[in-house]
Amino acid sequence: MRRPGSMWALETLGRTRLSRHFYMRDFLYSEIGGFHGIPNIPDNPDLAIETGRALCETLLDPLTETFGRIAIRSGYRSAVLNAHGNANGLNCARNDNPLECHIWDRGEGDARIAGASVVIPWFADRYAKGRDWRDLAWWLHDHLAYSEIWFFPKLCAFNISWRPKPQRRIDSYIAPRGTLLRAGAKPSEPLETRRERYADFPPFRGLALP
């Protein structure tokens, strides 16, 4: 698929179904793009669809099937839009940062990455009443084949990313700030303790780790 050169071509791209619950259109909205007039259009639509489909099928569908509707705070970002956000202090990492997960149409093979900023309303309600973000972090670790996760204070939003070879790392800007789990490391809490943290979560539905 070529880069959309018309509104109708962009509409066709937006209608592309990525998974059971998501279409490409769900990830193209951007406050940065809307406010600054920067089109959020993939340079390589086929690659964006390929990696976006893996993100949705592996991570976002199971979240939706378990917790109900999830909110996508930020999905795909074009390289041009992301560079503008980084240059203007709008919470975008550099385009060449290997952890920048929003530019889905870059890289080859194991260098591919796709991510989204997500809020789970079910958990956000409990977080607002003092629930520990680590309860959700360990649930994600024990149930999903994620690569990296970063937690943020507002609404307990988190970036979650997919890679062909997951790194399995969790970081947070919520206290206690820092790295909860380093890539390749064993969890600091045993499985039994982690399960006690999320014992009241809805039953898991969707894909399970092999």
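No lab work stands behind these numbers, since they all come straight from the coordinates. Computed from a predicted model, the values in this text were never measured in an experiment. Don't worry about glycine lacking a Cβ; one is built from the backbone with ideal geometry, like all the others, and counts go over all protein chains shown.
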Chymotrypsin sites (Phe, Trp or Tyr not before Pro) lying in DSSP loop within region 141-210, provided at most 10 other Cβ fall within 10 Å: none
Label point at THR12 placed 7 Å out along Cα→Cβ; residues across region 29-55 whose backbone nitrogen lies under 18 Å: 41-50
Whichever lysines have a C-alpha closer than 25 Å to that of LYS154, once near sequence neighbours (fewer than 8 apart) are set aside: LYS129
Stretch gain in nm, segment ASP110-MET1, where the contour uses 0.36 nm per residue and the Cα spacing is subtracted: 37.1 nm
Region 73-169: antiparallel DSSP beta bridges as a percent of all, rounded to 5: 90 percent
Coil-residue chymotrypsin sites (Phe, Trp or Tyr not before Pro) of region 6-87, DSSP, other Cβ within 10 Å capped at 16: TYR29
Overall form of region 19-83 per C-alpha gyration tensor (a/c, 1.5; a/b vs b/c): oblate
Dipole moment magnitude, nearest 20 debye, the chain about Cα centre, only Lys, Arg, Asp, Glu C-beta charged: 160 debye
Residue-averaged [θ]222 nm for the chain, counting only DSSP H segments that reach four residues, each worth -39500 (n - 2.57): -8500 deg cm²/dmol
Label-point gap, in nm, between TYR29 and LYS154 - each point 7 angstrom along Cα→Cβ: 1.5 nm
Length-normalised contact order for the chain - Cα pairs under 8 Å, 6+ apart - percent: 18 percent
Full-extension gain in nm, GLU50 to THR179, via 0.36 nm per residue minus C-alpha separation: 43.5 nm
Equivalent-ellipsoid semi-axes of region 99-174, from the Cα gyration tensor, Å, largest first: 25, 12, 9
Estimated distance in nm for a label pair at ASN88 and ARG195, the labels positioned 7 Å out from Cα along Cα-to-Cβ: 5.0 nm
Listed residues ILE32, ILE72, PHE152: farthest to the positive end of the dipole of the chain (Cβ charges): PHE152
